[in-house]
Each structure stands twice: as C-alpha cells, then as structure tokens.
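The values are calculated or read from the model by the stated rules, or taken from the named source; none is laboratory data. Keep in mind that this is a model prediction, so the values were computed, not measured. Cβ coordinates were reconstructed from backbone atoms using ideal geometry, including for glycine residues, and neighbour counts include every protein chain displayed.
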C-alpha cells in the first residue's frame, strides 16, 4: 500500500516538474518592438520664450544638425511654452493652458540620433526645426538621462564681439 502511494507521489512530482519546465519556458525570439517612448522634461533655467514664440520638442534621425534637415529626418513631439513666475512654474500650450511635462514619441527613441528643442513662431507650423536652442545626443544607454544643452558651435567660439564706448 505504501509502495503505490510513493509511486503516485513520484509520478505527480515528475509530471509537475515537466509541466513547469516546458509550460513556463518562453522562446527567445518573442520580442515586442517598442511602439512609444515617453520623454519627461525637467527644466532647469529654461527661460520663458519671447512674445509670439513657442518651444517645440523634436527627435532627429540624422547625426549632423548643421545640415538642412528634411521632414523625413525629424518627428515633432509637440509645442509648449514654459512659464516660471511667482504664481506658476510649468509648461503651457499655445493658449496658456497647463501641460504635463511628458511628451510621447510614437516610435522607439533609439532609432533617433538627437533630441532638440527649437524656438518657433506661434503662428507658423513648420515641418522641420527652425532655430535649435537645446540639443543632446541619444546614447542608447537607458540609465543615462538626456541633458539638453546649448549646442556647441565653431562660429560661436570664433566670433568677434565689438562694442563702442562713449564718454559723456
């Protein structure tokens, strides 16, 4: 009687182990592609744009930002304004309504080379960024946050500043 009990327990244990081994294994070729990427902007010292202007966040596919960009090279993530005063500090849309600081890219961010912020006219819709203000390269490492900085330019470092002084 005890022998049948032991065999039954042994068979149930073997069946359970086999079920767990083959039933819970996942093949390595099932990889879901990234369909959306959420970018969260945390501003530091971002000025309020001048009157009639608005910021626009872009993802850029080309690695060279100094060439003329085409509409196929860029994806707009949205337009926003930033207001920081005594009563309100945050993002707003073109009409002054508060916005969340999360912008959604309808693609995988690692397919792009740069993330940029441009300054655009409020009354014009453009297919490419016109005046790039902040930029950062997409490195491909998920644990390093993007830090949008003023782009370095050879023209900026080699410029000559002239001024006149008058004695009154």
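Tabulated data for the structure shown
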item	result
Residue match in segment 62-72 (condition: within 16 Å of residue 37 (Cβ to Cβ), in contact with a helix residue (DSSP H, G or I) (Cβ under 8 Å, 6 or more places away or on another chain) and at pLDDT 85 or above)	no
Any hit, segment 64-78, residues being farther than 16 Å from residue 130 by Cα and exposed (fewer than 15 other Cβ atoms within 10 Å of the Cβ)	no
Any hit, segment 36-44, residues being surrounded by 12 or more Cβ atoms within 10 Å (Cβ to Cβ), within 24 Å of residue 138 (Cα to Cα) and in contact with a helix residue (DSSP H, G or I) (Cβ under 6 Å, 6 or more places away or on another chain)	yes
Residues located in segment 48-63, provided they are within 15 Å of the chain's Cα centre (by Cα) and more than 14 Å from residue 132 (Cα to Cα)	61
Answer residue from segment 118-131, given it is more than 15 Å from residue 62 (Cα to Cα) and within 18 Å of the chain's Cα centre (by Cα) and is surrounded by the fewest Cβ atoms within 10 Å (Cβ to Cβ) among those	119
Qualifying residue in segment 94-111 (condition: surrounded by fewer than 10 Cβ atoms within 10 Å (Cβ to Cβ), over 19 Å from residue 146 (Cβ atoms) and in contact (Cβ under 8 Å) with a residue 24 or more places away in the chain)	no
